[in-house]
Amino acid sequence: MILAMRNNYHSLHLLELVEQRQPIDKYLIDQADLNIRDKKGRNALYWAIKNHSKRNVSLLLEYKISLLVGYELNACFHAIESQNVEALMLLFTKGLSIDIQNERGQSLIMKAIEYENIVMVQYLINKEIDLYIMDDNYDLVEDYAKRCKNQRVSELVHYTVLNKQILEAYKDCTACGVGQQSLCGIK
């Protein structure tokens, strides 16, 4: 019984420290239950991402904390909502799939476009995220970009999709004869 109280104390203390932007250490993580959540169902990783604490995010991921940071909130989507690119990068170094969707069928890049974060959009494009995925409302990534008020984000997505279409057309093109290669750009 005393051991259970001690672990509960450490667990609550861990959650409190992370929520208050305080650094945590490995000893505390070893003693704590990482599955503990606050009254709204948020775990320590939620607060580490929200507070942009790269050290705490890294430690919690090292100890295999749940990536479901809220009742229905994945850590990657929370990193985008919190505008925390470093946390998103750390999540992907742990082998997380880039092509995940939330409860509305949105992909990570759709959410990043919604938040008009050009750095995250560029990062996800560089990670080769699927640009042709459709959400539950039958909207594509390009539809999100068209509705985006940030022109730089909109243009980045538009020209990336356009460039991918051109590259796909070149892959399908077969050199038919002399002179044809120069017409389609294949050398």
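The values are calculated or read from the model by the stated rules, or taken from the named source; none is laboratory data. Just so we're clear, the structure is a prediction, and the values are computed from it rather than from any experiment. Methodologically, a virtual Cβ is constructed for each residue, glycine included, from the backbone with ideal geometry; neighbour enumeration extends over all protein chains shown.
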Next on the checklist: Report every pair of residues separated by at least 6 positions or lying on different chains whose Cβ atoms are under 6 Å apart, first residue within the stretch 145-162 and surrounded by 15 or more Cβ atoms within 10 Å (Cβ to Cβ), second polar (S, T, N, Q).
Outcome noted: Ala145/Ser154; Cys148/Ser154
Checklist entry - So which helices (runs of 4 or more DSSP H) are wholly in the stretch 1-101 and hold at least 3 residues that are modelled with pLDDT of 85 or more? => result 44-50, 54-62, 75-81, 85-93
Item to check | Selection within the stretch 109-165 - touching a Lys or Arg at 6+ places or on another chain (Cβ under 8 Å) and hydrophobic (A, V, I, L, M, F, W, C) | outcome: Ile118, Leu131
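Residues of the stretch 93-106 being out of contact with any strand residue (DSSP E or B) (no Cβ under 6 Å at 6 or more places or on another chain) and either buried (at least 17 other Cβ atoms within 10 Å of the Cβ) or closer than 12 Å to Ile133 by Cβ (or both), which ones?
The answer is Ile98, Asp99, Ile100, Asn102, Gly105, Gln106.
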